[in-house]
1. Can you give the local net charge around V33? Use residues other than it whose beta-carbon is closer than 13 angstrom to its beta-carbon, Lys and Arg +1, Asp and Glu -1.
2. Between E71 and R94, what is 0.36 nm times their sequence separation minus the Cα-Cα distance? Round to one decimal in nm.
3. When the Kirkwood hydrodynamic radius is evaluated over all pairs of different C-alpha atoms of the range 4-110, what value in angstrom, to one decimal, is obtained?
4. Rounding to the nearest 20 debye, state how big the charge dipole of the range 17-115 is about its Cα centre with +1 on each Lys and Arg Cβ and -1 on each Asp and Glu Cβ.
5. Got a sec to turn the phi values of the range 42-53 into Karplus ³J(HN,Hα) couplings, 6.51 cos²θ - 1.76 cosθ + 1.60 with θ = phi - 60°, whole Hz, x for Gly and Pro?
6. Can you list the residues of the range 59-75 with backbone N under 18 Å from a point 7 Å past the Cα of M23, pointing along Cα to Cβ?
7. Using the Cβ atoms and a cut-off under 10 Å, what net charge is assigned to the surroundings of V106, where Lys and Arg are +1 and Asp and Glu are -1?
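Derivation of every value follows stated rules applied to the coordinates shown; laboratory data play no part. Owing to the predicted nature of the structure, the values given are computational and were not obtained by experimental measurement. So basically every Cβ, Gly included, is an ideal-geometry build from the backbone, and we count neighbours across all protein chains shown.
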Amino acid sequence: MLHRKYRDEKRARKNAISPREPMYVLGQNLTLVCNSRRSNAKYLYFIRGSNSEPVPDRFIQRINDTAIKLEYPVTVQDIKNHSSSMSYGCMKRRINKGSDLCIDNVYVQLDCKCH
């Protein structure tokens, strides 16, 4: 049997990003929400792509004490660089505790025939 605290932390991280099956469309914003339930939103950020590059802060807004929202405009360059899907992750900065923690990740699918 799992220790209760461990079970609660595991449950809090599961499905932290919504929607679970996002699509992106050329010319529209990709919108994702990350709700950590256990972490202060000021320590959360998004990463994207196979190189896990941080999404610039200008595309992220804090929506409450435990959640952030990504509004990222989809461009032709995104589609050329990342083909039909791209991964996004919600990360927690760990001050003085080693590497940052991945709370959740999701694959975003292209919803058009732009190639």
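1. +2
2. Taking E71 through R94 to full extension adds about 5.9 nm, to one decimal.
3. Computed over the range 4-110, the radius equals 14.2 Å.
4. Roughly 380 debye for the range 17-115.
5. 5, 9, 9, 7, 10, 10, 8, x, 5, 8, 6, 6
6. In the range 59-75, the label zone of M23 (backbone N under 18 Å from the point 7 Å along Cα→Cβ) covers 72-75.
7. Every neighbour counted, the sum reads -1.
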